[in-house]
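The values are calculated or read from the model by the stated rules, or taken from the named source; none is laboratory data. Computed from a predicted model, the values in this text were never measured in an experiment. Here the Cβ is made from the backbone with ideal geometry for all residues, glycine too, and neighbour counts use every protein chain on show. All accessible areas refer to the heavy atoms of the entire protein, side chains included, with ligands and DNA or RNA removed. Shrake-Rupley method; radii C 1.70, N 1.55, O 1.52, S 1.80 Å.
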Amino acid sequence: MYDNPIIYILEARIQRQRLKDMQNSARKRQMSIAEQYSSSVTHIVTEFDNADAVARKLGLESARCLNQRQVVKLQWFADCIRAGCIVPVDEHHKVKSGENNQSVREVAPPVSARIPDYACQRHTPLQHHNTKFTDALEILEKYADLRYDDQDYSRALAFRRASCVLKSLSRPLSRLSEIQNVTHIGSHSQKVIQEILEDGTSEEVEKICADPWFQKMKLFTAIFGIGPARAKEFIAKGWSSIQEVRDGCTSSDWRIQWGLAFHEDLTTPVTRAEADYILGVVRRHVDRVLPGAVMELTGGFRRGKQTGHDVDILIMHPLENKIIGALPRLLQSLQSHDIVLCGRHERSTYHEELLTQNTKLSPRGQLDHFEKWIGIIKVPNKIRIKNDQSDKTSSHQLGNNKCNTDMKENKDKCENRNFQSDKNTDSCKRDVGNESVLYQRQEDTLDSGSAISDSLEDVWESLDKASSSSSPSHGNPREVKASQGDWIARRVDLIISPFSQFFYALVGWTGSKQFNRDARTYAEREMNMKLSSHGLYDFNQGKQLVASSEREVFDNLKLPYFEPQDRNC
Ligand code: 8GT
Ligand code: MN
């Protein structure tokens with residue numbers, strides 16, 4: 001026993017009010033409580049489960065520096081309060097050092113040796129064990145990203161890489177030493193992880209979250225069509241709310257105009273039921289204008305996310321040339337049913353040389369060259385509300401495009417209406433989502449060469465017509481908003497891929513962005529290949545590598561196959 005016991009309560013991880021209560025209770029019982037840690041302290045009370053962390057928090061090199069001091073759990077303190085005096089320290093009160101704490105070592109051997117370098121070589125599930133670290137690292141990433149200069153971009157990437165490694169760990173991280181030699185966790189990230197291990201939070205991250213500039217940047221960049229540069233201009237004008245932007249912004253960009261008018265809608269997460277509904281609606285119209293087409297819900301939803309910021313739908317036809325002119329026809333069909341709010345049609349800018357050109361990866365995104373439509377469509381409110389109600393009872397399986405009853409009815413109705421089906425594509429299933437699905441290339445009946453270029457001209461003409469009718473002239477965004485019916489605006493991307501590029505497009509549009517980034521870097525550095533959403537070029541063999549399944553894309557890259565739900569890096 002100590003002649004003159006002096007207790008020091010280590011604040012870290014203890015709520016402020018609780019700490020005050022503890023100090024008051026001790027004083028009432030005439031126990032000595034030290035405000036600061038000093039050599040006269042005999043008992044250190046802590047929420048930490050490891051004496052090494054306590055030592056580090058006190059600025060000491062290791063737990064050995066704590067010498068004869070007792071490092072004890074809050075339970076010991078509670079026992080003292082109950083007894084009204086200092087009680088002896090039992091084994092179960094003690095907080096041990098990792099050095100002589102075999103159980104800590106058994107639970108947490110270093111993981112560094114087992115972590116492959118690239119995210120595309122690791123399982124990265126949606127649900128993982130280290131969210132308290134990855135949430136913090138992703139805030140640092142976002143902050144660096146919003147600052148928007150080259151150096152900040154590489155800093156943002158460094159945080160993302162560290163976060164991706166933690167997402168792929170099969171257990172919660174309990175000590176920094178477990179990841180000390182991991183390439184992608186740099187010193188800044190390590191410092192943040194250490195802080196969270198010890199205090200439960202990171203001061204730097206908390207400061208960023210409370211920073212008004214960061215809050216405004218997040219608010220403004222969430223507007224459809226607004227990037228960091230424009231958001232900074234808004235802040236420079238002294239704006240701090242969406243309303244101020246609505247009142248002051250004179251941009252003629254259709255995305256910004258519609259984005260501002262429907263900001264609340266577009267920042268309400270899209271649910272899985274809505275994504276399925278949109279897929280169903282688009283499918284109905286695709287079946288009409290491009291019978292035999294194959295459609296896939298891609299993006300985050302394909303990786304198993306239950307919500308997203310938009311709905312990405314990839315469309316292809318097993319006859320390579322059948323897709324020509326299909327997107328304008330699809331848009332006209334959707335528009336004639338009053339489904340489209342606004343949007344822009346983009347022509348394909350693809351040409352074969354792109355496969356070998358060493359384009360620098362764009363920091364902000366991975367824009368590809370497919371023909372696509374980027375827009376906003378209307379979804380009845382009841383679809384979302386239904387999803388809210390059934391959320392707890394139904395869990396959506398990946399790749400399971402199961403629709404709710406309405407959707408099924410729609411589909412049945414649509415099939416009963418006997419839309420023309422394409423006999424050529426009987427062997428090509430339309431609902432895809434798992435690897436066993438067969439996609440079969442069909443013999444193309446269209447003549448090649450000049451016939452195609454002639455027809456292309458007609459097509460471009462109709463595309464231009466379609467794109468102008470889906471531009472802001474579709475109505476005044478504010479007026480449309482003022483008379484909004486019982487629907488919500490949803491962002492949709494429709495991408496058309498030629499059959500020959502489809503599986504690369506599928507991998508690309510499934511993402512995640514970081515998965516793509518790492519897969520492309522891996523291809524370049526490790527394989528001397530160039531990967532994009534359009535294909536894979538092998539510089540060693542001097543040729544393009546074709547793929548007729550998603551698995552083949554991975555095989556061509558000599559990567560183990562990962563299901564979409566394991567690509568959530
Ligand atoms: P979300 O749930 O917030 O919608 O997230 P997401 O679905 O994972 O991201 P997204 O921004 O909707 O993009 C879907 C995927 O498509 C990303 O992995 C992105 O890298 C990929 N992608 C391409 N090409 C292009 C392109 O040209 N534009 C965009 N926006 N994304 C592309 O492969
Ligand atoms: Mn998406």
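Here is how the numbers come out for the structure above:
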read-out: Qualifying residue in segment 232-253 (condition: closer than 26 Å to ARG329 by Cα and not small (Gly, Ala, Ser)); value: yes
read-out: Selected residue (criterion: modelled with the lowest pLDDT) from residues of segment 333-356 that are of a type in the set (S, T, N, Q), more than 15 Å from ligand 1 (Cβ to nearest atom) and surrounded by 11 or more Cβ atoms within 10 Å (Cβ to Cβ); value: THR356
read-out: Segment 260-310, residues that are open to solvent by 10 Å² or more (accessible area, probe 1.4 Å), part of a loop (DSSP other than H, G, I, E, B) and more than 18 Å from PHE502 (Cα to Cα); value: THR267, THR268, PRO269, GLY304, LYS305, GLN306, HIS309, ASP310
read-out: Residue that is among the aliphatic types (A, V, I, L, M), farther than 21 Å from SER189 by Cα, in contact with an Asp or Glu (Cβ under 7 Å, 6 or more places away or on another chain) and at pLDDT 80 or above, where the choices are VAL95, VAL71, VAL89; value: VAL95
read-out: Residues (open to solvent by less than 30 Å² (accessible area, probe 1.4 Å), in contact with a Pro (Cβ under 9 Å, 6 or more places away or on another chain) and among the hydroxyl-bearing types (Ser, Thr, Tyr)) located in segment 16-48; value: THR42
read-out: Among the candidates ARG82, ARG13, residue that is under 21 Å from GLU198 (Cα atoms) and open to solvent by 40 Å² or more (accessible area, probe 1.4 Å); value: ARG13
read-out: Selection within segment 99-124 - out of contact with any Ser or Thr (no Cβ under 8 Å at 6 or more places or on another chain) and at pLDDT 70 or above; value: ARG114, PRO116, CYS120, GLN121
read-out: Conditions (1) of a type in the set (D, E, K, R); (2) closer than 30 Å to HIS129 by Cβ; (3) in contact with a Lys or Arg (Cβ under 9 Å, 6 or more places away or on another chain); (4) outside any helix (DSSP H, G or I): number failed by ASP493; value: (2)
read-out: Matching residues, segment 496-534, being within 16 Å of ligand 2 (Cβ to nearest atom) and assigned to a loop (DSSP other than H, G, I, E, B); value: GLY511, SER512, SER533
read-out: Search result, residues across segment 489-507 that are under 17 Å from GLY375 (Cα atoms) and open to solvent by less than 10 Å² (accessible area, probe 1.4 Å); value: ALA489, ARG490, VAL492, LEU494, ILE495, ILE496
read-out: Residues (part of a loop (DSSP other than H, G, I, E, B), at pLDDT below 90 and within 16 Å of HIS93 (Cβ to Cβ)) located in segment 14-68; value: GLU47, PHE48, ASP49, ASN50, GLN68
read-out: Matching residues in segment 245-259 - criterion: being part of a helix (DSSP H, G or I) and open to solvent by less than 70 Å² (accessible area, probe 1.4 Å); value: VAL245, ARG246, GLY248, TRP254, ILE256, GLN257, TRP258, GLY259
read-out: Single residue of ARG490, ARG520 found to be touching a Ser or Thr at 6+ places or on another chain (Cβ under 8 Å) and touching a residue at least 24 places away in the same chain (Cβ under 8 Å); value: ARG520
read-out: Scope segment 216-236; condition farther than 26 Å from LYS481 by Cα and either of a type in the set (Lys, Arg) or at pLDDT 95 or above (or both); matching residues; value: LYS232, ALA236
read-out: Residue under evaluation ARG288, criteria (1) out of contact with any Cys (no Cβ under 8 Å at 6 or more places or on another chain); (2) within 16 Å of ligand 2 (Cβ to nearest atom), criterion not met; value: (2)
read-out: Residue that is within 16 Å of ligand 2 (Cβ to nearest atom) and either modelled with pLDDT of 95 or more or out of contact with any Phe, Trp or Tyr (no Cβ under 8 Å at 6 or more places or on another chain) (or both), where the choices are GLY280, GLY304; value: GLY304
read-out: Members of segment 311-332 found to be open to solvent by less than 10 Å² (accessible area, probe 1.4 Å) and either among the hydrophobic types (A, V, I, L, M, F, W, C) or within 16 Å of ligand 1 (Cβ to nearest atom) (or both), listed by number; value: VAL311, ILE313, LEU314, ILE315, MET316, LEU319, ALA326, LEU327, LEU330, LEU331
read-out: Residue match in segment 535-549 (condition: more than 16 Å from ligand 2 (Cβ to nearest atom), among the aliphatic types (A, V, I, L, M) and closer than 16 Å to TYR118 by Cα); value: no
read-out: From the options THR250, THR271, residue that is modelled with pLDDT of 95 or more, polar (S, T, N, Q) and out of contact with any helix residue (DSSP H, G or I) (no Cβ under 7 Å at 6 or more places or on another chain); value: THR250
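Let's see how each residue does on (1) in a helix (DSSP H, G or I); (2) of a type in the set (Ser, Thr, Tyr); (3) under 30 Å from GLY259 (Cα atoms):
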| residue | (1), (2), (3) |
| --- | --- |
| ASP152 | yes, no, yes |
| ALA158 | yes, no, no |
| CYS164 | yes, no, no |
| SER174 | no, yes, no |
| GLU178 | yes, no, no |
| THR201 | no, yes, no |
| CYS209 | yes, no, yes |
| GLN215 | yes, no, yes |
